[in-house]
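Every number in this text was worked out from the coordinates using simple rules, so none of it is lab data. Values in this document were obtained by computation on a predicted structure and should not be read as measured data. FYI the Cβ positions are ideal-geometry reconstructions off the backbone, even for glycines, and counts take in every protein chain you see.
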Amino acid sequence: APTTDNQQRFFRIPFARPSDEFRDDPTHKKHGQWYAHFDGQYIARQMELYPDKNPLLLVAGVHDLQMCELSLDETGLTRKKGAEILGKDFEAEWNKYGGRELLKTCGNRMSSTFLQKRLGVVRK
């Protein structure tokens, strides 16, 4: 089998906050979109967008405690029909909500070597 080391993959799935999941009235459920960028098997960036909240943008190495802890294989995202999106579509949403600026502030704390190379960051 070919190795998937450092393959960049991007996903978007509908998402409900755990606090909204068990509400009886479906009109009050706040479904949003969950975006993920995987650098190989591990998450590099994560974004949560809800209609009624500020966007949440997270970068591995900086916001680890708030991010998906599963490997790409463990998430099952690669088997979920329609979940994988193009990198340019992820980047468009990421940049629309200030992602480019966020990455600049994260610097060498980012754990993704792909993002470090893209930004010209040397990890200490």
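Classify region 8-119 as rounded, prolate or oblate from the Cα gyration tensor: take a ≥ b ≥ c as the square roots of its eigenvalues, call it rounded if a/c is under 1.5, otherwise prolate when a/b beats b/c and oblate if not. Kindly include the intermediate steps, with their values, before the conclusion.
Details: a/c = 1.87, a/b = 1.51, b/c = 1.24.
Taking the square roots of the gyration eigenvalues as a ≥ b ≥ c, region 8-119 is prolate.
Under the rule a/c < 1.5 gives rounded, and otherwise a/b versus b/c splits prolate from oblate, where does region 40-93 land using the Cα gyration tensor?
Values: a/c = 1.64, a/b = 1.13, b/c = 1.45.
In terms of gyration-tensor shape, oblate.
About the Cα centre of region 8-119, what is the dipole size in debye to 20, counting +1 per Lys and Arg Cβ and -1 per Asp and Glu Cβ, all else neutral?
Dipole of region 8-119, to the nearest 20 debye: 400 debye.
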Listed peptides 48-55, 107-114 by packing density, highest first (mean Cβ within 10 Å): 107-114, 48-55
Relative to the Cα centre, what is the charge dipole magnitude of region 60-116, using +1 at the beta carbon of each Lys and Arg, -1 at the beta carbon of each Asp and Glu, and rounding to the nearest 20 debye? 180
Chymotrypsin sites (Phe, Trp or Tyr not before Pro) within region 35-94: which are DSSP loop residues with at most 13 other Cβ atoms inside 10 Å? none
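If we count other beta carbons within 10 Å of each Cβ, what is the order of L115, L65, fewest first? Mind dumping the intermediate values first?
Numbers: L115 20, L65 6.
The order, fewest Cβ neighbours first, is L65, L115.
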What full-extension length gain, to one decimal in nm, is calculated for Q33 and K117 as 0.36 nm per residue of separation minus the Cα-Cα distance? 27.5 nm
